[in-house]
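S.K.: This is the structure, below, for whatever I ask next.
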Amino acid sequence: LSKRSEKILATCILMATINSIRVYICKLWILYQDKQGIDLHAAAITTNTAIEMVRNLQEDHESSYPDITGETGYLECVFTYYELRCLVRGEDVIHLEQRGDFVNIAVYDVAHEVFADTYWMLRELSKGIKVGTISHAGMAKEDLDTSTSWFDKSPRDKMRDDRIVLGRAFTGLTALTPLKGLPADELLRGVQETAPDKPIHLWLVFAARIFLDVHRTL
């Protein structure tokens, strides 16, 4: 294999592993919700540990390919793989059907699988950070449509709901970052490290995706 092909294959394995962790965590929160022997403490600690595992997986992936550095974040880790998956479908990865779309709706399932939708939401939110506060929270003012299950919604409506929920959470977490002495989980640590001029890492994108999954379950 060429180094590029080897890297793409390794990324396939990386994403398959991360998605298996995601499925496990989602099932854990369903057990908690259904009162099936999992308490809140156990679910929360396991979730945070899973995010730490993904951080380690990302670091191992980066160390295997010297052209990837910790400063390039999600895009360098995953975007080439995502782009190739779209090409196989005959779709342009950068085609946006409507203004405000984050991803090509025709390949929303692929974008969701590799967390591309979540990455672009975080990228948009990070642009509003100024000295420990978020300067815009327009999406937090929108109302969620709770009349239909998230799973039954169109890809665009799914993104809209996720955008609102993540925007509200990000605004609240950003407000906490100047406070000292708070016990911080991986998601809060990731938000603390976020800035307009810094990369957004795969492990933080995973943490945000898990947050959205848990919100949907509860």
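S.K.: Please indicate, with yes or no, whether at least one residue in the stretch 47-54 is open to solvent by 10 Å² or more (accessible area, probe 1.4 Å), over 16 Å from residue 206 (Cα atoms) and either under 19 Å from the mean Cα position of the chain (by Cα) or modelled with pLDDT under 90 (or both).
M.R.: No, the conditions are met nowhere in the stretch 47-54.
S.K.: I would also like to ask the following. Working carefully through the options 68, 38, find the one that is modelled with pLDDT under 95, farther than 23 Å from residue 11 by Cα and surrounded by 13 or more Cβ atoms within 10 Å (Cβ to Cβ).
M.R.: Of 68, 38, the one residue that is modelled with pLDDT under 95, farther than 23 Å from residue 11 by Cα and surrounded by 13 or more Cβ atoms within 10 Å (Cβ to Cβ) is 38.
S.K.: Show the residue pairs that are 6+ apart or on different chains and have beta-carbon atoms under 6 Å apart, the first residue being within the stretch 40-53 and part of a helix (DSSP H, G or I), the second being open to solvent by 50 Å² or more (accessible area, probe 1.4 Å).
M.R.: From the stretch 40-53, the pairs are 43/32; 48/185.
S.K.: Also, quick follow-up: If the requirement is being surrounded by 13 or more Cβ atoms within 10 Å (Cβ to Cβ), outside any helix (DSSP H, G or I) and either aromatic (Phe, Trp, Tyr) or in contact with a strand residue (DSSP E or B) (Cβ under 6 Å, 6 or more places away or on another chain) (or both), which of these qualifies: 170, 102, 206, 211?
M.R.: The unique qualifying residue is 102.
S.K.: Kindly provide the set of residues from the stretch 17-35 that are open to solvent by less than 60 Å² (accessible area, probe 1.4 Å) and closer than 19 Å to residue 60 by Cβ, ordered by number.
M.R.: Listed by number, the residues that qualify are 17, 18, 19, 21, 22.
S.K.: What number goes with the only condition from (1) surrounded by 13 or more Cβ atoms within 10 Å (Cβ to Cβ); (2) touching a helix residue (DSSP H, G or I) at 6+ places or on another chain (Cβ under 7 Å) that residue 196 does not pass?
M.R.: (1)
S.K.: Being touching a residue at least 24 places away in the same chain (Cβ under 8 Å), within 16 Å of the chain's Cα centre (by Cα) and under 23 Å from residue 49 (Cα atoms) is the filter here, so list the residues in the stretch 166-192 that pass it.
M.R.: Matches in the stretch 166-192: 166, 169, 170, 185, 186, 187.
S.K.: Could you list all residues from the stretch 173-193 that are touching a Phe, Trp or Tyr at 6+ places or on another chain (Cβ under 8 Å) and either open to solvent by 50 Å² or more (accessible area, probe 1.4 Å) or within 17 Å of residue 214 (Cα to Cα) (or both)?
M.R.: 186, 187
S.K.: Okay, next question. With respect to residue 6, determine if the residue is free of Cβ contacts under 8 Å to residues at least 60 places away in the same chain, open to solvent by 50 Å² or more (accessible area, probe 1.4 Å), not hydroxyl-bearing (Ser, Thr, Tyr) and not in a loop (DSSP other than H, G, I, E, B).
M.R.: Considered against the rule, which asks whether it is free of Cβ contacts under 8 Å to residues at least 60 places away in the same chain, open to solvent by 50 Å² or more (accessible area, probe 1.4 Å), not hydroxyl-bearing (Ser, Thr, Tyr) and not in a loop (DSSP other than H, G, I, E, B), residue 6 comes out as yes.
S.K.: Can you name the residue in the stretch 130-167 that is surrounded by fewer than 11 Cβ atoms within 10 Å (Cβ to Cβ) and under 28 Å from residue 105 (Cα atoms) and is also modelled with the highest pLDDT among such residues?
M.R.: 152
S.K.: Looking at the stretch 105-116, I want the residues that are of a type in the set (Ser, Thr, Tyr) and have a partner that is at pLDDT below 95 and surrounded by fewer than 20 Cβ atoms within 10 Å (Cβ to Cβ) with Cβ atoms under 6 Å, at least 6 apart or on another chain. Which pairs are those?
M.R.: 108/155
S.K.: Among the residues of the stretch 105-135, what is the count of those that are closer than 19 Å to residue 201 by Cα and assigned to a helix (DSSP H, G or I)?
M.R.: Summing the residues that are closer than 19 Å to residue 201 by Cα and assigned to a helix (DSSP H, G or I) in the stretch 105-135 gives 15.
The values are calculated or read from the model by the stated rules, or taken from the named source; none is laboratory data. Note that this is a predicted model, so its numbers are computed, not measured. With ideal geometry, Cβ positions are generated from the backbone for all residues, glycine too; neighbour counts draw on all protein chains shown. For accessibility, only protein heavy atoms count, side chains too; no ligands or nucleic acids. Shrake-Rupley method; radii C 1.70, N 1.55, O 1.52, S 1.80 Å.
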